[in-house]
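The values are calculated or read from the model by the stated rules, or taken from the named source; none is laboratory data. Everything quoted here is computed from the prediction, not taken from an experiment. Using ideal geometry, Cβ is built from the backbone for each residue, glycine included, and neighbour counts are taken over all protein chains shown. Surface areas here come from the heavy atoms of the whole protein model, side chains and all, with no ligands, DNA or RNA. Shrake-Rupley method; radii C 1.70, N 1.55, O 1.52, S 1.80 Å.
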Amino acid sequence: MDPLPADLPMVSLLPTALPQPMPAAASPEQLEQLTADLRAAGLMPLRSRGELDQLAADAFVYSPILQPLLQGLRAQVGVRGTSADEVMAVAAACARHGVNLTLRGAGTGNYGQAIPLSGGLVLELSGMNRLRQLDPSTGVFSAEAGILLADLEQQLQAQNRELRLVPSTVRSSSLAGYLAGGSSGIGSLRWGFLRDPGHLLGLEIVTLESSPRLLQLDAAKAQALNHAYGCNGIITSATMASAPAVAWQQLVLEAPSWEQALAAAQQLPATALLLNSLCALEGAVARLMPWPHGCPGARGDSHRLLLLAAPDALAPLEALLPRWGAQLIWQAPQGQSRGIPLRELCWNHTTLHARAQEPAFTYLQLLLPQPEGPALAALRQRWGHDLLWHLEAVRAQGQQRLACLPLVRWHSRERLEAVIEHACALGCLLFNPHAITVEDGGLGGVDAEQVAAKASYDPHGLLNPGKLRGWLER
Ligand SMILES: Cc1cc2nc3c(=O)[nH]c(=O)nc-3n(C[C@H](O)[C@H](O)[C@H](O)COP(=O)(O)OP(=O)(O)OC[C@H]3O[C@@H](n4cnc5c(N)ncnc54)[C@H](O)[C@@H]3O)c2cc1C
């Protein structure tokens, strides 16, 4: 493996400090007035260190860049809201006393999205958890912000519908948290990304003003709050499209070489087989995973593909496997296997399980150029087994592509930056998981509509301060 190259990048993509300028944390007087207002509205302010620590956890620890910046940051007061009226009471109190407000779903974000950078109040909405409406003729549904995706999924399935996209944290994360903090996941092979037009059809939101407004946004207006980390409005309910339910089958394939596994990952999404997700793990990653009961552990030099496929895809798939020298080694209907389901071995769960074995791993998120092989080979040649391959099939702007969430053995900031620079020079598109702001992470640049929405719905800049670079740089 090459030593660290001399031509290190000039512009750092990895933050060394919190974004600036940052509003001050609340003074004791502001906190006293705020908590008095909350109590008067029948809400219980959470003030103990234990409660506030619980409201300050997320998965930023996967990033050795974010960890030292975000560790220990917490709100000064927490509160749980169970209705739009309560959310309005909290928003009014924060606006009146000039206290920052950060929203929190289940706290499973990867980049500290729900971590308050400058104290203030954290509002948690797990009590807003109802499926309000499902139109049986279109499958369009409206559900409250804090509903757990798994609960929502169960209620949709009772009506033969399913969520188009879910994160691998589907069992623990909330609807609004996924919309505001997530981007893709299981289903992205068919349905692309959460920000693609057609998924989010409307939002009910509360503004952060001394007389808060409860607004109904149509699809076009709602888009500015999609993946905005709760910086520009408080989501109380979302209206979204769903898909007809399919009895997905979990399949584990084994291929004898990485080239054959990669060929299968490239070619399978281009067939007419109905697939909901395809994840490819090179052998060294597969050997770190806890496989479902009954699925043999990964051994030797073989590589694995994890598929969610429709029942009618099984026979034609088996007929295709010899093309790649691949074998079906395990199958079970989704929801009916024991142990870890395949949905919790892919996307960032791969990183989670690998870190449980080797905490020195961090990761990157790249959209690979096509064809993918040369870029992966060039990265392997330069960085050796400091990068291990984990691919996910996605549909990006209408095209089947492969995303790569490589496990990266952590050595230093400089080396991580050099890996990123090399990957970008090879044509990879980076969704930086070591960034604090919306723009420096997945979005890539300032979205004027997000900033305009913040000016309209959060004119004092109190919502999740520091996370929207376009607002800081106005
Ligand atoms: C192991 C692991 C696997 C993951 N897999 C995926 C994946 O496959 N795909 C993916 O996209 N992400 C993934 N993530 C990231 C994360 O789980 C998702 O983004 C998740 O859906 C966030 O939901 P949450 O309820 O935990 O939100 P939180 O983490 O609590 O919040 C996320 C953001 O949403 C904001 N927010 C929360 N509620 C509201 C509201 N009511 N109004 C406005 N803003 C709000 C918060 O302020 C924060 O900025 C993964 C994370 C981990 C740790």
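Work out the length of the dipole vector of the chain about its Cα centre, built from +1 on the beta-carbon of each Lys and Arg and -1 on the beta-carbon of each Asp and Glu, and round it to the nearest 20 debye.
On the way: 34 positive and 40 negative charges, 82 e Å.
Here the chain has a charge dipole of around 400 debye.
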Enumerate the whole-percent occupancy of each 20 Å bin, from 0 to the last occupied one, for all C-alpha pair distances of the chain.
-> 25, 55, 20, 1
Given +1 on the Cβ of Lys and Arg, -1 on the Cβ of Asp and Glu, and no further charges, what dipole in debye does segment 131-244 carry about its Cα centre, rounded to the nearest 20?
-> 180 debye
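By the gyration tensor of its Cα atoms, with a ≥ b ≥ c the square roots of the eigenvalues, what is the shape of segment 250-384: rounded for a/c under 1.5, prolate for a/b over b/c, or oblate? Provide the component values of the computation, followed by the final result.
On the way: a/c = 1.68, a/b = 1.14, b/c = 1.47.
Oblate shape, in that a/c is at least 1.5 and b/c is the bigger or equal ratio.
Only Cα pairs under 8 Å and at least 6 apart count here; give the relative contact order of segment 317-474 as a rounded whole percent. Please report the intermediate quantities before stating the final value.
Numbers: 168 pairs, mean separation 29.9, N = 158.
Relative contact order for segment 317-474 comes out at 19 percent.
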Along the principal axes of its C-alpha atoms, what lengths does segment 131-244 span, in descending order and rounded to whole Å?
-> 42, 25, 25
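Which of rounded, prolate or oblate describes segment 290-340 when judged by the alpha-carbon gyration tensor and an a/c cut-off of 1.5?
Oblate.
If I stretch the segment between Leu215 and Ala243 completely, what's the gain in nm (0.36 nm per residue apart, minus their alpha carbon distance), one decimal?
On the way: separation 28, 0.36 × 28 = 10.08 nm, distance 2.67 nm.
Full extension of this stretch gives 7.4 nm more.
Take every Cα pair under 8 Å in segment 131-244 that's 6+ residues apart, average their separations, divide by the length, and report that relative contact order as a whole percent.
Working: 224 pairs, mean separation 36.2, N = 114.
The value is 32 percent.
Taking N as the number of residues in segment 41-145, what is its Cα Rg relative to 2.2 N^0.38 Å? Show your work: numbers first, answer last.
Values: Rg = 15.7 Å, N = 105, 2.2 N^0.38 = 12.9 Å.
For segment 41-145, the normalised Cα radius of gyration is 1.22.
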Cα centroid separation, segment 129-188 to segment 422-442 (Å) = 27 Å
Would you work out which of Gly185, Leu123, Trp291 lies farthest towards the positive end of the dipole of the chain? Charges go on Cβ: Lys and Arg +1, Asp and Glu -1.
-> Trp291
Put +1 on the Cβ of every Lys and Arg and -1 on every Asp and Glu Cβ in segment 249-430; which of Leu391, Gly339, Leu274 then has its Cα farthest towards the positive end of the dipole?
-> Gly339
Could you sort Leu274, Leu342 by accessible area so the largest value comes first, with the probe set to 1.4 Å?
-> Leu274, Leu342
Quote to one decimal, in nm, the extra length available between Gln357 and Asp85 on full extension: 0.36 nm per residue of separation minus the C-alpha distance between them.
-> 93.4 nm
Once all protein chains are kept in place, Ile329 shows an accessible area at probe 1.4 Å, nearest 10 Å², of 40 Å²
In whole angstrom, note down how far apart the Cα centers of segment 205-219 and segment 12-89 are.
-> 21 Å
For the chain, with +1 on Lys and Arg beta carbons and -1 on Asp and Glu, the positive-most of Ala319, Pro371, Pro465 along the dipole | Ala319
Mind checking the dipole of segment 249-430: about its Cα centre, +1 per Lys or Arg Cβ, -1 per Asp or Glu Cβ, Debye to the nearest 20?
-> 180 debye
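Ignoring everything except DSSP H segments at least 4 long, calculate the 222 nm mean residue ellipticity for the chain; use -39,500 (n - 2.57) per segment, divide by total residues, nearest 500.
Details: 16 runs with 132 residues, N = 474.
Helix-only estimate at 222 nm: -7500 deg cm²/dmol.
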Evaluate the Debye formula for segment 301-440 with equal point scatterers sitting on the alpha carbons, no solvent, and hand back log10 of I(q)/I(0) at q = 0.12, 0.13, 0.14, 0.18 Å⁻¹, in q order, two decimals.
-> -0.59, -0.69, -0.79, -1.21
Ranking by accessible area, most exposed first, for Met44, Met88 with a 1.4 Å probe = Met44, Met88
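Can you give the FRET efficiency for Leu321 and Gln71, using 1/(1 + (r/R0)^6), R0 = 45 Å, r = Cβ-Cβ distance, to the nearest 0.05? Don't jump to the answer; show the numbers that get you there.
Details: r = 46 Å, r/R0 = 1.03.
Once the sixth-power term is evaluated, E becomes 0.45.
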Cα centroid distance between segment 236-277 and segment 95-110, in Å?
-> 35 Å
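Between Gln157 and Ala378, what length comes free when the chain is fully extended (0.36 nm per residue of separation minus the Cα-Cα distance, one decimal in nm)?
On the way: separation 221, 0.36 × 221 = 79.56 nm, distance 4.43 nm.
Computed gain between Gln157 and Ala378 is 75.1 nm.
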What relative contact order, as a whole-number percentage, does the chain give when Cα pairs under 8 Å and 6 or more residues apart are counted?
-> 18 percent
